[in-house]
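Here the structure comes first, spelled out in structure tokens, and everything after it is commentary.
Please treat every number below as a calculation from the coordinates, not as lab data. This one's a predicted model, so the numbers in the text were calculated from it and none came from an experiment. Neighbour counts run over all protein chains shown; Cβ positions are idealised from the backbone, glycine included.
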Amino acid sequence: MSVASLSYVDTNVFVSYALGEEREESFEVAEKFFGEVSQGKYVVLVSSFVLTETLHTLRKIATEQVFKEIERRMSRSELIEVANSTEFKREVNDRSLKAFRVIIDCITSDPDHFKFGDLKTTYSEEMFSKALRTLSAGLGEFRVYHFRCPKCGSDIDCAHCGFSYEIAYKAYNAPDLTHLLMASSLGCKYLFTMDQYFAKVPRAESQSEVILLSRDA
Amino acid sequence: MYRQSGISSGFGNLDLGKTANAVLSRSFDFLERVLGYAIETSPNHVAKAILENSLKQLVPKEMPPEVLDYLSRNTLRSIVGLSPIEINTIDKDAIRKLKGSISWLSKEKIDVTEIIREMREC
């Protein structure tokens, strides 16, 4: 009988799976992975760092959702009033915390498939020095994106400067490297992610192999 | 400033130390019985040696991995205000329950990977 490999799972895999088929574009990729976990191929290591990112992601999603539910057009001052209101903050907090509790309840109830970082684990400055060396060794990519309306998602053009596009720097960075080096410190054989930039991190400084989960894989 | 509710609400009455105490209470009950028997049947210095040797097996640094994992799980639950679970709790259906469990959070398709990528680049 094969032994399940301890595997660090990136935040995007977790949240995608929990959001489900109707909400997440790459759900089936996450579903396939968790199917293999269920069959005993991998044991998922859940770090507090991943959970911290998970909560932040849920708050961003909840904020976008509550914002999109505002039906009538509002001025800047009206939106500031809404954003500062107790009702708006409570709505975002209640929804995101409820979602986070559901996730925590599931993963803490199944010690066979989900393990947690040892509370006594400490990370050294040397780990972050490795991250700096890795980041210094290469430059990422530059991409051109159309400006997009955060409420409806439509492409927009700037009425003032006439620009419709921006140049953006895209690369793995400090959080990615921290995840990878933590995975290594926690004894994980693999790190599973759905982020193509993350997957470009050189393995040299880590014992954990990055596996990019994608529809093509 | 808006003060959020919910997070850490469990800390007030359930912290790591209390959880650890709950986990170890059975062991200490056993230890107490061993000590009582040792005092009745052995000289004081022997009873003391038995006690010290037994305590070495029970201090936190000696806790087995499954107990440490249990403490981590309950600490997480306490952070979000969930009630503690028993050490032998195993929900074999948890992976299936997790699937789509928070779909109600949004009403439309989301690219979570892109949202997290943007977060990491800020």
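In terms of surrounding Cβ atoms within a 10 Å radius of their Cβ, A:ARG148, B:ARG120 rank from fewest to most as A:ARG148, B:ARG120. Among the listed pairs A:LYS130/A:LYS200; A:LYS32/A:LYS98; A:LYS170/A:LYS200; A:LYS89/B:LYS97; A:LYS89/B:LYS99; A:LYS60/A:LYS98, which are separated by more than 18 Å between their Cα atoms? Pairs exceeding the cut-off: A:LYS32/A:LYS98; A:LYS89/B:LYS97; A:LYS89/B:LYS99. Other protein chain C-beta atoms within 10 Å of residue C-beta, averaged over A:36-42: 1. Only helices enter the 222 nm calculation for chain A: every DSSP H run of n ≥ 4 contributes -39,500 (n - 2.57), and dividing by all residues gives -14500 deg cm²/dmol, rounded to 500. By the combined test of axial Cα extent (at least 15 Å) and Kyte-Doolittle hydropathy (mean at least 0.0), the qualifying DSSP H helices of chain A come to A:27-38, A:48-68, A:174-185.
Estimate the FRET efficiency between A:ARG148 and A:LYS200 by the formula 1/(1 + (r/R0)^6), using the beta-carbon distance for r and 25 Å for R0, to the nearest 0.05.
0.55
Loop-located chymotrypsin sites (Phe, Trp or Tyr not before Pro) in region A:155-190 (DSSP state other than H, G, I, E, B) with a sparse environment of at most 13 neighbouring Cβ atoms within 10 Å: A:PHE163.
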